[in-house]
Amino acid sequence: MLSIQGLKAVVQGKEILKGIDLEVGAGEIHAIMGPNGAGKSTLANVLAGRENYEVTAGSIQYRGQDLLTLEPEIRAREGVFLAFQYPVEIPGVTNVYLLKAAINAVRKHRGEEELDAVSFLKLIKEKAALVEMKQEFLYRSVNEGFSGGEKKRNEILQMALLEPPLCIMDETDSGLDIDAMKIVAHGVNSLRSPDRSILIVTHYQRLLDYIVPDYIHVLADGKIIRSGDKSLALELEQKGYSWIGKHASAA
Amino acid sequence: MQALPDHLLAPGTGHYIEQFGQLNHCLPGNRDQWSRDQRKTSLARFGKIGFPTQKDEDWRYTPLRPITGKSFDLVTDDPVAADAGKFGIPDLDSYRVIFRDGVLDPNPSDLDQLGGGHIEVQPVSSFLDDGPEARKSGFGEIIGAEEHGFTALNSALFNGGVVMTLQAGAVVDKPIELIFISGRKLAMAQPRNRIVVERGSKMQVVERYVSAGPHPTLTNSATEIVLDEGAEADYYIIQTQAKAAYQVCGVWVRQAAASRFSCRTVTLGGALVRNNLCAELGGADAHCDMYGAYSLSGRQHVDNHTTMIHAARNCTSNELYKGVLDQRSRGVFRGRIKVEPDAQKTDAQQANNTLILSRDAEIDTKPQLEIYADDVKCSHGATIGQMDGQALFYLRSRGIDRQEAESLLTYAFVSDVLGQIEIDSLRRYLEKVLGEQLIHEDEHPGRE
């Protein structure tokens, strides 16, 4: 699904990613953990193609394509979805308009017909129920005046609607209370499939109680310093990131 | 008849004074002594004060050379003959009044049918030539507050217009659409209208300015609107003229107690457009809204000059102008709010927000508050910003291409003003025109 090799990236003149190697197979869930400033969000944004994140070395292969040559909108249509850490408020653009434009952009790209209004509304109602989002939110401006939890649920709604092969979740748990986290986790778990890979970027272990990953990687100072299975998260929770830092440098 | 010898005339006025000499015999009201006197007085004033210049504070940011450097010809016969049908807005059911280069076209304008019999409508010619003497004195009574040369020029040389009176308590069932078509090369159109909305009555008026061709034209309009007690009017000024069209658009409003007036000005076309909108809240508990939206590119220049005079207690006003400026376009906003000593409990809000899409675009924005009462609530604010890069990336990351995302965000920026348009067909039409314009601009090779 995704193969990252020797990835280095610079943001505002500062090297943030210092050589990342990561293989994500189809159907797998990987969690990227690490202290603040380690480069977790940078990695997520580089995958989505954010401008001003300059890749200086390495490569990213996504389903046999060189991801770095694709514009952000093409990556999205090819099925790379980033659930934002800070979803953007867009006054004047209704949520339902964005959702319809997004799904039709993907369908058009795949050579499928655009959804008519009736089929779209039926689909969107079903997906909104999945993340327990009230209908009224569909007709409000994108994320405007939404609470932190509502914004994150809106991200998962978009993800559920678009059914992308590669889901990247950037600190989706930040700012969520326990109830909202359960709703978000339920939405994500319902998307688990042998054809879909999920990359979860998180600082804390708690989201991983609800979305259980197959692999965990620890990112510190722009490099993956340790990889393991889900038990690594528990170890981190007990001992903290400083332990792993020392452990890595000792090794 | 000239009041001044030629060498004392203000620069640029000679051509128009000459035209007056040639054409005054066929202008509306030429058979009426009072009207002839009014025109002569105005002409003398125009000859004396001339066109405004950038030395006038009120015109400081709007160079008028593109207008004053040309000699426009007032049209009295043989105006542009375009088919009025092609300027129709889909699904807009309205009473239509057509003007061609400023001249009222009686044929497609069904004046008798207008307003379902609740409105008395007359062309200015018959109003002035044959109307009752007593009512004539009200004609032009409020035009001229903040007078400048263009107002005097219109007063001297208006070539068409209507006088409409909506009877007390009447509600007009559909909008009245005044369509001003410009077309002849270097044509000067100077329509002059008077609208009286009597006590407790209600109407919607859509003024539309369109071009039948690519020629340079000048439209210098003057409209006065009088609202009696409890009257309501929704007024729209929709400017979609061609890129070589020049326009000075004047609307003066006087509101009696508990009346409500709302103006929405949408400017998408024209080379140089100056809008003078002036409302006086003259009776207690009146309310006035002024909304404006503009989207400009190339070297378009649009100057919205508003004046809100609170002259009575307990009135409210709300003003919001939003503009999108691309390429080398330039916007100007002047929002004057005057609160007179008797206007206690005034609540006046004003904002001007601009989205700048190019480093060569410019906005000059100037709020001007003059407050002479002590128990008032007034606020004003101006913001200037660029395309939100975060929002752009967010949309692109959902599969929407850059061009569509940019046009969506641009549209979204002015959407709260367009959302104030209560006539659905008109709003949809403007959304479509704006959308097409934004996409067209993206294909423009000169985009910076």
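The values are calculated or read from the model by the stated rules, or taken from the named source; none is laboratory data. Keep in mind the model is a prediction, meaning the values are calculated, not measured. We place every Cβ from the backbone using ideal geometry, glycine too, and count neighbours over all the protein chains shown.
For B:LEU355, state whether it is of a type in the set (A, V, I, L, M) and within 25 Å of A:MET169 (Cβ to Cβ).
No: the conditions fail for B:LEU355.
Filter region B:268-286 for residues that are touching a residue at least 60 places away in the same chain (Cβ under 8 Å), buried (at least 21 other Cβ atoms within 10 Å of the Cβ) and under 16 Å from B:THR62 (Cα atoms) and give the result.
Correct list: B:GLY270, B:LEU272, B:ARG274, B:ASN276.
Here is a check on your reading of the model: is A:VAL118 more than 8 Å from chain B (Cβ to nearest Cβ), touching a helix residue (DSSP H, G or I) at 6+ places or on another chain (Cβ under 7 Å) and at pLDDT below 95?
No: the conditions fail for A:VAL118.
What residue, among those in region B:56-87 that are among the β-branched types (Val, Ile, Thr) and farther than 22 Å from B:LYS366 by Cβ, is surrounded by the most Cβ atoms within 10 Å (Cβ to Cβ)?
It comes out as B:VAL75.
Name the residues in region A:39-74 that are among the charged types (D, E, K, R) and free of Cβ contacts under 8 Å to residues at least 60 places away in the same chain, would you?
A:ARG50, A:GLU51, A:GLU54, A:ASP66, A:GLU71, A:GLU73
So, of the residues in region B:241-267 that are within 27 Å of B:GLY200 (Cα to Cα) and among the charged types (D, E, K, R), which turns out to be surrounded by the most Cβ atoms within 10 Å (Cβ to Cβ)?
My answer is B:ARG264.
Within region B:232-251, identify whether any single residue is among the polar types (S, T, N, Q), in contact with a Lys or Arg (Cβ under 9 Å, 6 or more places away or on another chain) and farther than 26 Å from B:SER425 by Cα, and answer yes or no.
No: zero hits.
Residue check: is B:ASP32 charged (D, E, K, R), at positive phi and in contact (Cβ under 8 Å) with a residue 60 or more places away in the chain?
No, not satisfied.
Name every residue in region A:50-62 that is at pLDDT 95 or above and at positive phi, in order of residue number.
The one that is at pLDDT 95 or above and at positive phi: A:GLY58.
Has region A:189-201 got any residue that is without any contact (Cβ under 8 Å) to a residue 60 or more places away in the chain, part of a helix (DSSP H, G or I) and within 17 Å of A:HIS30 (Cα to Cα)?
Yes: region A:189-201 contains one or more residues that are without any contact (Cβ under 8 Å) to a residue 60 or more places away in the chain, part of a helix (DSSP H, G or I) and within 17 Å of A:HIS30 (Cα to Cα).
Between B:LEU392, B:LEU438, which is more than 21 Å from the chain's Cα centre (by Cα), more than 8 Å from every other protein chain (Cβ to nearest Cβ) and modelled with pLDDT of 90 or more?
B:LEU392
With A:ALA160, A:ALA185 as the choices, which residue is modelled with pLDDT of 90 or more, assigned to a helix (DSSP H, G or I) and either more than 14 Å from chain B (Cβ to nearest Cβ) or over 30 Å from A:ASN36 (Cα atoms) (or both)?
So the residue among A:ALA160, A:ALA185 that is modelled with pLDDT of 90 or more, assigned to a helix (DSSP H, G or I) and either more than 14 Å from chain B (Cβ to nearest Cβ) or over 30 Å from A:ASN36 (Cα atoms) (or both) is A:ALA185.
Starting from region B:61-75, keep only residues that are touching a residue at least 60 places away in the same chain (Cβ under 8 Å), then list their pairs with residues that are of a type in the set (Asp, Glu) whose Cβ atoms are within a distance under 7 Å, requiring at least 6 positions of separation or different chains.
B:TYR61/B:ASP303; B:TYR61/B:ASP364; B:THR62/B:ASP303; B:VAL75/B:ASP101
Would you mention how many residues in region A:131-157 are without any contact (Cβ under 8 Å) to a residue 40 or more places away in the chain and assigned to a helix (DSSP H, G or I)?
6
Could you list all residues from region A:179-191 that are loosely packed, with under 15 Cβ neighbours inside 10 Å and closer than 23 Å to A:LEU2 by Cβ?
Hits for region A:179-191 are A:ASN189, A:SER190.
Can you name every residue in region B:28-55 that is surrounded by 14 or more Cβ atoms within 10 Å (Cβ to Cβ), under 23 Å from the mean Cα position of the chain (by Cα) and part of a loop (DSSP other than H, G, I, E, B)?
Result: B:PRO28, B:GLY50, B:PHE51, B:PRO52, B:THR53.
Looking at region A:124-142, which of its residues are surrounded by 16 or more Cβ atoms within 10 Å (Cβ to Cβ) and closer than 20 Å to A:LEU191 by Cα?
Hits for region A:124-142 are A:ILE124, A:LYS127, A:ALA128, A:LEU130, A:VAL131, A:MET133.
Within region B:51-92, can you find the residues that are touching a Ser or Thr at 6+ places or on another chain (Cβ under 8 Å) and of a type in the set (Asp, Glu)?
If the condition is that a residue be touching a Ser or Thr at 6+ places or on another chain (Cβ under 8 Å) and of a type in the set (Asp, Glu), then B:ASP91 is the only one that fits.
Can you run down the residue pairs with Cβ atoms below 8 Å, 6 or more apart or on separate chains, where the first is in region B:88-110 and surrounded by 12 or more Cβ atoms within 10 Å (Cβ to Cβ) and the partner is aromatic (Phe, Trp, Tyr) and in a loop (DSSP other than H, G, I, E, B)?
Short answer, once both residue conditions are applied: B:GLY102/B:PHE158.
Filter region B:155-207 down to the residues that are surrounded by 22 or more Cβ atoms within 10 Å (Cβ to Cβ) and charged (D, E, K, R), then identify the one that is nearest to the chain's Cα centre (by Cα).
My answer is B:GLU207.
Does B:ASP77 satisfy the criteria of being of a type in the set (D, E, K, R) and in a loop (DSSP other than H, G, I, E, B)?
yes
Does A:ALA105 count as closer than 23 Å to A:ASP195 by Cα and facing chain B (nearest Cβ under 8 Å)?
yes
Could you look through region A:84-102, keep only residues that are facing chain B (nearest Cβ under 10 Å), more than 19 Å from B:MET387 (Cα to Cα) and within 18 Å of the chain's Cα centre (by Cα), and pick out the one that is surrounded by the most Cβ atoms within 10 Å (Cβ to Cβ)?
The qualifying residue surrounded by the most Cβ atoms within 10 Å (Cβ to Cβ) is A:PHE84.
Would you tally the residues in region A:33-76 being within 14 Å of chain B (Cβ to nearest Cβ), closer than 25 Å to A:GLU163 by Cβ and surrounded by fewer than 16 Cβ atoms within 10 Å (Cβ to Cβ)?
Residues meeting the conditions: 1.
I need a count of the residues in region B:287-300 that are buried (at least 24 other Cβ atoms within 10 Å of the Cβ) and under 29 Å from B:ALA152 (Cβ atoms).
6
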